[in-house]
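What follows is a single structure, written as structure tokens, with notes after it.
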Amino acid sequence: MDIRYNVGELFQAAFGINSPIYITEPFFRQAPPYFDWSDVDVLPTLEEQINETETLPQSWMGTPIVFEARFDGDDGKYWRYKLNGELEEVEMKTMVLPAATMFSFRRSKNITRTNVLGSNGTVKEIYGFDDWHIDVRGLCLPIPGKTSLQQLEELLQWEKLADAIKIEGPLFRKLEIYRVAMADFAYNIPQGKPDVVAFTMQLYSDDPLELQLTNTI
């Protein structure tokens, strides 16, 4: 059975996110006017800018993944709670997050504002920066050798950890985020969409305290 997935339609059904399609030419019978743009300099695309510094990974269909991310399990072990409440060390396999995954980042400053008598405005004291808040929304779609439910099971194994997760990806490197804590995880199966699992995660950036202490000594 040939099942095709419209990713834009799936994101709209699962998260209410519209991916509009822009038609540059109206449906007229006559041919559009011809313009010669051969002498016009064009800015490089986002993909070309990224290719200047790194090679984009490819999906199983041969298409580039611009902002790939993965949970790193190759270096070290992670802590997880047992049923009796004790901690145990477990080994995790590196997981590449599904290609149809979107990230949004936000961060605030820790500011205390003090009112000033007889003056306009306030005095601002900046104590530092808050964690990066990372909202993740994605779709598990079947790929060769792995079903959508198997991908969900991998995500659930990472959700069980009581530890910061090492993460790798161009978006995270640019913001100097190398570890994250998973604060929230949810998933659902869109109605009428076979073999599709929609998931959301909320991650917080985590800076290892031992590295901060080493840098201050």
Nonlocal amide H pairs with I165, under 5 Å, H built at 1.01 Å | V180, A181, M182
Using label points projected 7 Å from each Cα along Cα→Cβ, tell me how many nm separate Y81 and T114, to one decimal.
-> 4.1 nm
Given the range 106-153 reduced to its alpha-carbon atoms as identical point scatterers, what log10 I(q)/I(0) does the Debye formula return at q = 0.24 Å⁻¹?
-> -0.88
GluC sites (Glu not before Pro), restricted to the range 80-165: which are DSSP loop and have at most 13 other Cβ atoms within 10 Å?
-> E86, E91
Pairs over 22 Å Cα to Cα, from K93/K166; K77/K166; K77/K109; K82/K160; K109/K166; K146/K193, come to K77/K109; K109/K166
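The numbers here are math on the coordinates, done by the rules we state, and not lab data. Here the structure is a predicted model, which is why all the values come from computation and not from measurement. All Cβ positions, even for glycine, are placed from backbone atoms using ideal geometry, and neighbour counts span all protein chains on display.
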